[in-house]
1. Nearest 5 percent is fine: what portion of the DSSP beta bridges confined to the chain is antiparallel?
2. Within 10 Å of each candidate Cβ there may be at most 10 other Cβ atoms; applying that plus a DSSP loop requirement, which GluC sites (Glu not before Pro) in region 134-190 survive?
3. Under 12 Å from the Cβ of G126, count the other residues' Cβ atoms, weight Lys and Arg +1, Asp and Glu -1, and hand me the total.
4. What number results when the radius of gyration of region 6-55, computed over Cα atoms, is divided by 2.2 N^0.38 Å?
5. In whole Å, largest first, what are the principal axis extents of the Cα atoms in region 179-253?
6. How much of the DSSP beta bridge set in region 1-155 is antiparallel, as a percent to the nearest 5?
7. Based on the Cβ-Cβ distance of E398 and T201, what FRET efficiency does E = 1/(1 + (r/R0)^6) give at R0 = 22 Å, to the nearest 0.05?
8. What whole-number value in cubic angstrom gives the convex hull volume per residue for the C-alpha atoms of region 211-373?
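Throughout, read-outs are computed from the coordinates displayed, never taken from laboratory work. In this text, all values refer to a predicted model and were calculated from it rather than measured experimentally. Note: ideal-geometry Cβ built from the backbone for every residue, glycine included; neighbour counts use all protein chains shown.
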Amino acid sequence: MAFKNSYLKKVYDDVAARNKGETEFLQAVGEVLESLEPVVEQNPDIIKTGVIDRIVEPERFIQFRVSWVDDAGNVRVNRGFRVQFNSAIGPYKGGLRLHPSVTGSVIKFLGFEQTFKNSLTGLPMGGGKGGSDFDPKGKSDAEVMRFCQSFMTELCKHIGADTDVPAGDIGVGAREIGYMYGQYKRLRNEFTGVLTGKGLTFGGSLGRTQATGYGLLYLTEEMLRCMKNDSVAGKTVVISGSGNVAIYATEKAQQLGAKVVALSDSDGYIHDPDGIKLDIVKDIKEVRRARIKEYVQSVPTATYTEGCTGIWSIPCDVALPCATQNELDGASADKLIQGGVTAVAEGANMPCTPEAVEKLQAAGILFAPAKAANAGGVAVSGLEMSQNSLRYGWTFEEVDSKLHDIMLGIFHAAYDASEKYGSAGNLVMGANIAGFLKVAEAMIAQGVAY
């Protein structure tokens, strides 16, 4: 990290010393601290409050053992995590990720990012994240249920509707949320909005499934409109991933008149020059939980390629990385630029490496960072919390309208902050600053706890 400000450099060096080897977390902290240089220069008194020193340290980090029994009767052991990063503006809020790549560093980076993402939504939510290195892929429903019940048996001690409200993330969909909520209710003997992403029959919100993907397109559309006097209509779009975010980003992009030509999973990617047939993808991924390569069996004109990075060599106007962190590197950014891309918006959490972001911005490509672009999921999770508190439910149209307004508000908050602090159009800097300022103001107002 190249810091011009000596104070911010010291903060980063201290974080690096305390969190050695936690590359994802250090990457996220470094990006935010670099963005805050103009804030510190214009407001040097902020140093005395210690708010930046405090905001990079989680309030609480919980690690625990998760023991469960597989269908063969074998005892299996995984690690569970929950980081309660910051509660200055509301109860901790953030998803649960079940994937072999989950480590303490990944959970801390996600919780740190979540703090500023939640701040940008304008809703009263703090930042948290959790999960396990358990892999639900290839497991039976019974095995997933037993794992989720064991996981929640420990997690329930640390969460609550006014304390910490988890949601879904990679590997955690409606099935997993249902099993976890059932176990929480069983153990605590209470029916509260302690999890979001619940089924519609027990407190879930219409629009939650679509929220992250739809929100990504709402922000991308507003970015194109305001910064290029353009729109998504008529554009060729490449989307990585084929999970919830990618599927509903595809759906909304198609509704807005774009042509989505590629999707991927961890094995490889499909390219359909005529436009992705979403009904086929939904059957493969949501119904049969199969691999994306099966798409070419139903669409012979499409092609499937092993490996994921080649997806960015497909010429496109808009690229939406929606798979996982650091999936789009500098070389991939070069391919996108050569292919004529004009806008990139992050649907996953931190899917672009720092080198990729630098190259895209240097080439004049519009770039929307994850903490702004993929905030739709947590925004509707916040709306689900509101509905649970009211013991009431809004229509899909009401939720979608609120989501649309929130995403436009996020874009303008980030853009306005980028202008105010001397980097007009740099949405990475703008989103970091706008998200930080609200949390920092609340932390300063609440004093220092010794």
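1. Numbers: 24 of 47 bridges.
DSSP beta bridges in the chain are roughly 50 percent antiparallel.
2. Details: sites: E143, E154, E176, E190; in loops: E190.
Answer in residue order: E190.
3. Details: positive: R60, K93, K117, K129, K438; negative: E59, D162, D164.
So the surrounding residues net to +2.
4. On the way: Rg = 10.9 Å, N = 50, 2.2 N^0.38 = 9.7 Å.
Against the empirical 2.2 N^0.38 Å value, I get 1.12 for region 6-55.
5. Here the spans come out as 54, 24, 16 Å, largest first.
6. On the way: 16 of 21 bridges.
So the antiparallel bridges amount to about 75 percent of the total.
7. About 0.70, to the nearest 0.05.
8. Details: hull volume 15.2 nm³, N = 163.
In region 211-373, the Cα hull volume divided by residue count equals 93 Å³.
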